[in-house]
Amino acid sequence: MTARVGMGFDVHPFVDDPERTLVLGGVALSGERPLAGHSDADVVAHAVADAVLGAAGLGDLGEHFPDTDPAWRGADSMRLLASSVELVRAEGWAVANVDCSVVLEAPRLKAHRRAMQERLSEVVGAPVSVKAKRAEGLGSLGRGEGIACWAVALLER
Ligand SMILES: [Zn+2]
């Protein structure tokens, strides 16, 4: 058996836009400050997709679904993640697991972590774990200007 790892990173700034909803790992957190982005700005889905694509040597999300393409405006990032997993499967890989660290000051993810993991695992077809960390006041993330996510994916074939 061959195994490969990939890592993904993404960051989006917060925006005050009443038209947008904060979406993390496919879970809508209505009433929370949303993130800016061309798609739904699901920073967790984007980092997971980059980790999965990277592990298979298939580049990154932006290459496959460019943010200059109007087709992806306001896109549901879980669909982009599902398409990324399909690309990786087409190369003969199976996702073994994914682990994510979401770095944010707010909102608190404790109440949403389980739903995020379930939704992500369903789309990825393998266990996905989500951990939340604070930046302890350091830098832009510490000042609560946005949310970042790191993800690691293991593929097998
Ligand atoms: Zn993104």
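The values are calculated or read from the model by the stated rules, or taken from the named source; none is laboratory data. Predicted model, so just to flag it, every value in this text is computed and none were measured. Cβ: placed from backbone, ideal geometry, glycine included. Neighbour counts: every protein chain shown. Protein only, heavy atoms only, side chains kept; ligands, DNA and RNA dropped before computing areas. Shrake-Rupley method; radii C 1.70, N 1.55, O 1.52, S 1.80 Å.
Could you tell me what percent of the accessible area of the chain is made up of carbon and sulfur, with a 1.4 Å probe and every protein chain present?
Values: 3950 of 7880 Å².
Here carbon and sulfur together make up 50 percent of the probe-accessible area.
Expressed in nm to one decimal, what extension gain is obtained for the pair Leu87 and Glu122 from 0.36 nm per residue of sequence separation less their Cα-Cα distance?
Numbers: separation 35, 0.36 × 35 = 12.60 nm, distance 1.65 nm.
Here the segment from Leu87 to Glu122 would lengthen by 10.9 nm.
Based on Cβ point charges of +1 for Lys and Arg and -1 for Asp and Glu, what charge dipole magnitude is obtained for region 58-149 about its Cα centre, in debye rounded to the nearest 20?
Once rounded to the nearest 20, the dipole reads 580 debye.
Using a 1.4 angstrom probe, figure out how much accessible area the chain has per residue, in square angstrom, rounded to the nearest whole. Don't skip to the end; give the middle numbers.
Values: 7880 Å² over 157 residues.
About 50 Å² of surface per residue is accessible.
How are the Cα pair distances of region 63-140 distributed, in percent, across 10 Å bins from 0?
Result returned by the calculation: 16, 36, 36, 12, 0.
Below 13 angstrom from the Cβ of Gln117, what's the summed charge of the other residues (Lys, Arg +1; Asp, Glu -1)?
Values: positive: Lys110, Arg113, Arg114, Arg119, Lys131; negative: Asp99, Glu118, Glu122.
So the surrounding residues net to +2.
What size of dipole, in debye to the nearest 20, comes out for region 1-52 about its Cα centre when the only charges are +1 on Lys and Arg C-beta atoms and -1 on Asp and Glu C-beta atoms? Mind showing how you got there, number by number?
Working: 3 positive and 8 negative charges, 52 e Å.
Value, rounded to 20: 240 debye.
Between region 7-30 and region 68-120, what is the C-alpha centre distance in whole Å?
That distance is 12 Å.
Using +1 at the C-beta of Lys and Arg and -1 at the C-beta of Asp and Glu, which of Val85, Gly25, Leu35 has the Cα lying farthest in the positive direction of the dipole of the chain?
Checking the options against the dipole of the chain, the answer is Gly25.
Let me check against my output: what whole-number percent is the relative contact order of the chain, with C-alpha pairs under 8 Å and at least 6 apart? Let's see the in-between values first.
Numbers: 363 pairs, mean separation 53.3, N = 157.
Result for the chain is 34 percent.
In units of 2.2 N^0.38 Å, what is the alpha-carbon radius of gyration of region 5-122?
Numbers: Rg = 13.9 Å, N = 118, 2.2 N^0.38 = 13.5 Å.
In units of the globular-protein estimate, region 5-122 measures up at 1.03.
If one puts a single equal scatterer on every Cα of region 84-125 and applies the Debye formula without solvent, what log₁₀ I(q)/I(0) results at q = 0.19, 0.32 Å⁻¹?
-0.68, -1.16
Applying a 10 Å radius around every beta-carbon, put 3-10, 148-155 in order of their mean neighbour count, most first. Write down the numbers at each step before the final one.
Working: 3-10: 17.6, 148-155: 23.5.
By packing density, highest mean first, the sequence is 148-155, 3-10.
Excluding ligands and nucleic acids, what accessible area in Å² is computed for Glu63 using a 1.4 Å probe, to the nearest 10?
Its heavy atoms expose roughly 130 Å² to the probe.
Set the Förster radius R0 to 25 Å, insert the Cβ-Cβ distance between Ser30 and Phe9 as r into 1/(1 + (r/R0)^6), and round the FRET efficiency to 0.05.
Working: r = 26 Å, r/R0 = 1.05.
Given R0 = 25 Å and the Cβ-Cβ separation, E is 0.45.
How much length is gained on full extension from Asp99 to Thr68, taking 0.36 nm per residue of separation minus their Cα-Cα distance?
Details: separation 31, 0.36 × 31 = 11.16 nm, distance 2.89 nm.
Taking 0.36 nm per residue and subtracting the Cα distance, the gain is 8.3 nm.
Between Ala135, Ala51, Ala111, which gets the highest mean-square fluctuation from a Gaussian network model of the chain, Cα cutoff 10 Å?
The residue with the greatest mean-square fluctuation here is Ala111.
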